[in-house]
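The values are calculated or read from the model by the stated rules, or taken from the named source; none is laboratory data. A quick note: this is a predicted structure, and the numbers were derived from the prediction, not measured. Please note: Cβ atoms are built from the backbone with ideal geometry, for glycine as well, and neighbour counts cover all protein chains shown.
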Amino acid sequence: MSDRRKRLHELLIALINKEANLELIEENSNELTSNYPSDETINFSKVIERNRKILKKYQSLVRSAVTLDALMDSENEENYKLNK
């Protein structure tokens, strides 16, 4: 694994660990609907919407990790140029 990829992975894990209520997408549709009352399980659009929100949260965490990594790279390059 490259150093950059390892650093991104570590940043993402740190951001995930900071999240208090991070939901996971379940593999089985029965598990996906288990948190809903039985009258709502018929409406899978709510399940899809829930999954969409979960995915958006993970995408946000990944974007944050990439941004932090880029900031760290730019700071390191700037410091390297100043120390020459």
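Restricting the range 45-69 to residues that are of a type in the set (A, V, I, L, M) and over 17 Å from the mean Cα position of the chain (by Cα), the residue that is surrounded by the most Cβ atoms within 10 Å (Cβ to Cβ) is VAL47.
Pairs are defined by a Cβ separation below 8 Å, a sequence spacing of at least 6 or placement on different chains, a first member in the range 47-60 that is among the charged types (D, E, K, R), and a second member that is surrounded by 15 or more Cβ atoms within 10 Å (Cβ to Cβ) and assigned to a helix (DSSP H, G or I); the pairs so defined are ARG50/LEU32. For the range 1-13, the set of residues classified as touching a residue at least 24 places away in the same chain (Cβ under 8 Å) and closer than 21 Å to LYS56 by Cα consists of LEU8, LEU11, LEU12, listed by residue number. Quick check on the range 37-84: of everything there that is acidic (Asp, Glu) and over 12 Å from LEU8 (Cβ atoms), which residue is modelled with the lowest pLDDT? Step by step, filter the range 37-84, then rank; the result is GLU40.
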